[in-house]
């Protein structure tokens, strides 16, 4: 009996080995790198894939190593255009070297398994993944021709060297806290003479919606055709131009005329001979005379000025004071001004928390307390920054301020009773009668 079971098992394994592992037209959730099985990636092979010819490749990176998400996101357009898409399941935010190691393993495995068109390799990513996508391109000059960067741009641990040649599609949520980083990147890349597309979408810090992702890949495919890396595709150019025109027009009822105008101008510049681009040029000129577009431009410029002032003050004693002033101004703003100012504050909130925690680690409790105070002003609906300010003031020996901020944390809804009873950061306050009264209050 055991030998019969063993025979059946061997037969099943043999049949399984004969079944094709990677099916064109389907997403494979996990492919293990042959030479380094520590690393893997999600994969999409377009229908009709065959090693008889070379295929373009898009490598994707997510901040949380969810490489399956971008593979699914780009799948529909990759099917239309005939691209392979691979998403790393190991590259993530955090330590740089493990992410670079994952990149190298995926790159080597894809080029060993499949016939890749070396003139049409591109990279994409969101947030920290966008930084890794650009890093991949910079580490392989001449081997990656384009990048679709969403929610961030600057490369992880590496500056963009002079003479870099890349086609870049920048996608950004209109309320993304990294909005001004991408806006400045667009200007810098244009000054360098690179081909740059800019498209915003509704929402905050997230992957672009499918239609924006599709236009990103389409833009790179069109660029490849125009650069003679592949045959030109007039049907794709017409479809892409019409999609851009529709996307720009959709921003108008959403109250974002400036974003609409930028998309229209980019379309008119990129594909000037397309009928949709002719319409785009005329509509962009009309928006240039629109008071609503001018008002959004002013709101954006003012908020960007605040972002620059905040960046220049980071690490100084003036920084928390400046943030408190920004928070007060933002609370009075309305409409688009409020939305742009909120983006500045969201970005600075991350920076402020990092600075406050670093000051705490270094024993600079007063500086930490001032930074947590500023964070509490920036995030008035959250109790934890006020609680951390209380802890920092207690450790700094400023009991009165510690108690004041502890009351503020409780007023904002801080309910972690165990922290109040046991957090050693509050030990300097435990001998006070008013602290004991707080513990007794329901």
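The values are calculated or read from the model by the stated rules, or taken from the named source; none is laboratory data. Note that this is a predicted model, so its numbers are computed, not measured. Note that we place each Cβ from the backbone using ideal geometry, even for glycine, and neighbour counts take in every protein chain shown.
Overview of values
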quantity: Odd one out for residue 429, checked against (1) touching a helix residue (DSSP H, G or I) at 6+ places or on another chain (Cβ under 6 Å); (2) within 24 Å of residue 355 (Cα to Cα); calculated: (2)
quantity: Index of the failed condition, residue 129 passing every other in (1) surrounded by 21 or more Cβ atoms within 10 Å (Cβ to Cβ); (2) in contact (Cβ under 8 Å) with a residue 60 or more places away in the chain; (3) touching a helix residue (DSSP H, G or I) at 6+ places or on another chain (Cβ under 7 Å); calculated: (3)
quantity: Residues being closer than 13 Å to residue 214 by Cβ and either not in a strand (DSSP E or B) or not assigned by TED's automatic domain parsing to the domain that holds residue 111 (or both) - total across segment 39-88; calculated: 12
quantity: Qualifying residue in segment 97-108 (condition: within 17 Å of the chain's Cα centre (by Cα) and on the phi > 0 side of the Ramachandran plot); calculated: no
quantity: Filter result for residue 326 (crowded, with 20+ Cβ neighbours inside 10 Å, closer than 23 Å to residue 389 by Cβ and either modelled with pLDDT of 95 or more or within 25 Å of the chain's Cα centre (by Cα) (or both)); calculated: yes
quantity: For residue 118: the one exception among (1) touching a residue at least 60 places away in the same chain (Cβ under 8 Å); (2) in contact with a strand residue (DSSP E or B) (Cβ under 7 Å, 6 or more places away or on another chain); (3) assigned to a strand (DSSP E or B); calculated: (2)
quantity: Criterion (more than 23 Å from residue 411 (Cβ to Cβ), at pLDDT 90 or above, touching a helix residue (DSSP H, G or I) at 6+ places or on another chain (Cβ under 9 Å) and not in a loop (DSSP other than H, G, I, E, B)) met by exactly one of 370, 357; calculated: 357
quantity: Residue identified as under 26 Å from the mean Cα position of the chain (by Cα) and either in contact (Cβ under 8 Å) with a residue 60 or more places away in the chain or within 30 Å of residue 94 (Cβ to Cβ) (or both) among 59, 22; calculated: 59
quantity: So residue 423, is it modelled with pLDDT under 95 and farther than 19 Å from residue 324 by Cβ; calculated: yes
quantity: Per-region count, segment 248-282, residues more than 24 Å from residue 339 (Cα to Cα), touching a residue at least 24 places away in the same chain (Cβ under 8 Å) and not in a helix (DSSP H, G or I); calculated: 2
quantity: Filter result (surrounded by fewer than 15 Cβ atoms within 10 Å (Cβ to Cβ) and under 17 Å from residue 268 (Cβ atoms)) within segment 239-257; calculated: 246
quantity: Candidate set: segment 145-160, residues that are in contact (Cβ under 8 Å) with a residue 40 or more places away in the chain and either under 23 Å from residue 111 (Cβ atoms) or within 11 Å of the chain's Cα centre (by Cα) (or both); chosen: the one surrounded by the most Cβ atoms within 10 Å (Cβ to Cβ); calculated: 150
quantity: Exclusive hit being under 15 Å from residue 83 (Cβ atoms) and in the same structural domain as residue 151 (by TED's automatic domain parsing), set 205, 223; calculated: 223
quantity: Any chance residue 437 is without any contact (Cβ under 8 Å) to a residue 60 or more places away in the chain and outside any helix (DSSP H, G or I); calculated: no
quantity: The one condition in (1) surrounded by fewer than 16 Cβ atoms within 10 Å (Cβ to Cβ); (2) touching a helix residue (DSSP H, G or I) at 6+ places or on another chain (Cβ under 7 Å) that residue 93 fails to fulfil; calculated: (1)
